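First comes the structure, then the notes that go with it.
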Amino acid sequence: MENVEVTTNAHHGEEKGSFDTKAIWRTFWILLGITCIELVIGMFIAPRFPHDMKIWFNILYIIFTAAKAFYIIAEFMHLRHEIKNMIMTIAVPAMLFLWFIGAFLWEGASFKNLKNTYDPAYKERSTTPVKQQPAHDEHDTQKSRELH
Amino acid sequence: MAHVVPANQKWWAGGRSPFNVEYGKLMMWYFLMSDAFTFGAFLISYGTIRFSSNAWPDPNKVFSSFPFMGHANLPLVFVSLMTFILIMSSVTMVLAVASGHNNDRKGVVKWMFWTIIGGLAFLGCQAWEWTHLYHQNAWWGRNPFTNYDGTMASTNFTNFFFTITGFHGFHVFSGVVINVIMFIMAWRGDFDRKGHYLMIEKAGLYWHFVDLVWVFVFTCFYLF
């Protein structure tokens, strides 16, 4: 551990901590840049690949999302500039999410496999395309209302 | 201006906060943690259901409209505008907090004003999006969209979409209400009389949290 803990959070008496306006704008450009990259991938690049490649794009989106979350929490919410005790009281409970996400997605995938294995009618119903065109705009709405 | 705390500072010796923040700010952090788990439970249940389904609607097809653009196919453009609005209002919020640190009342009032405008713009966009989807016959319990592979989709997609974006929208709404109260208090000079602008920081934490949740909602519903 370092000898000193540096903190910009000075609330006591006369000491006035100030936010670095340059750092705020730098964070803004990083967030905007990541969002733009995500959108370009989502709109133009990912649709060109077959659907079973989607998992790799999703992993990429997760990395970008985690990066954005880090910048919002660390810079905008100022957590990076608090003392270590404060950072840990937030970061350690948040680790529960790793188990939470892993366990429940695993559970969902397992349920899908069980249904597909033991309920052939479900599998057939959920993998046979329907004739009707998807309703993308108000034009198709009437049609889909009639079908329902 | 960073101030340096000596390494031999006894944080746990009592008599002072071991977290070096005031009570209200710490409690706001703990509230946000609990709120994060609420949103986490929503999004993870959405993920569980999605992982248990053989197919799911394609967001590029569902979210492809823009106001006044008629039937032009503009996938994800509108939602990226909403994301930009929310990030921008987060920036104006940090600038308000930064002004508060310097006891700059005018700066706080100015940046709080823009933060409120950003919040209202986001809510307006969401109202448009919901109305548009409603007119496409999408609502709780009805789903007009088919899956990406042309199979029949269940109502899980619309149920989760409206519940989670609705819950987030409610947070944005309450954030705007909090920001309006902060704006009025700053404008009247209440914080100058108190001698500090710590309330703005607490409202700021809440507002950034709303932005943080949107980052995850955006990824889970519009990109995956």
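The values are calculated or read from the model by the stated rules, or taken from the named source; none is laboratory data. Remember, predicted model here, so these are calculated numbers, not experimental data. Using ideal geometry, Cβ is built from the backbone for each residue, glycine included, and neighbour counts are taken over all protein chains shown. Note: areas computed on protein heavy atoms with side chains; ligands, DNA, RNA excluded. Shrake-Rupley method; radii C 1.70, N 1.55, O 1.52, S 1.80 Å.
Within the range B:59-72, being open to solvent by 50 Å² or more (accessible area, probe 1.4 Å) and within 8 Å of chain A (Cβ to nearest Cβ) holds for B:K61, B:H71.
If you filter the range B:195-204 down to residues that are hydrophobic (A, V, I, L, M, F, W, C) and buried (at least 21 other Cβ atoms within 10 Å of the Cβ), you find that the one that is nearest to the chain's Cα centre (by Cα) is B:A203. Filtering the range B:95-153 to residues that are facing chain A (nearest Cβ under 9 Å) and touching a strand residue (DSSP E or B) at 6+ places or on another chain (Cβ under 9 Å) leaves B:T146, B:N147, B:D149, B:G150, B:T151, B:M152.
Restricting B:I85, B:I44 to residues that are in contact with a Leu (Cβ under 8 Å, 6 or more places away or on another chain) and among the hydrophobic types (A, V, I, L, M, F, W, C) narrows the list to B:I44.
Condition check ((1) assigned to a loop (DSSP other than H, G, I, E, B); (2) closer than 27 Å to A:I37 by Cα; (3) open to solvent by less than 40 Å² (accessible area, probe 1.4 Å)) across all residues:
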site: A:A69; (1), (2), (3): no, yes, yes
site: A:N85; (1), (2), (3): no, no, yes
site: A:A109; (1), (2), (3): no, no, yes
site: A:K112; (1), (2), (3): no, no, no
site: A:A121; (1), (2), (3): no, no, no
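If you filter the range B:142-167 down to residues that are assigned to a loop (DSSP other than H, G, I, E, B) and without any contact (Cβ under 8 Å) to a residue 24 or more places away in the chain, you find that the one that is surrounded by the fewest Cβ atoms within 10 Å (Cβ to Cβ) is B:T155. Kindly evaluate B:G24 against the criterion of being open to solvent by 10 Å² or more (accessible area, probe 1.4 Å) and either part of a loop (DSSP other than H, G, I, E, B) or of a type in the set (V, I, T) (or both). No: the conditions fail for B:G24.
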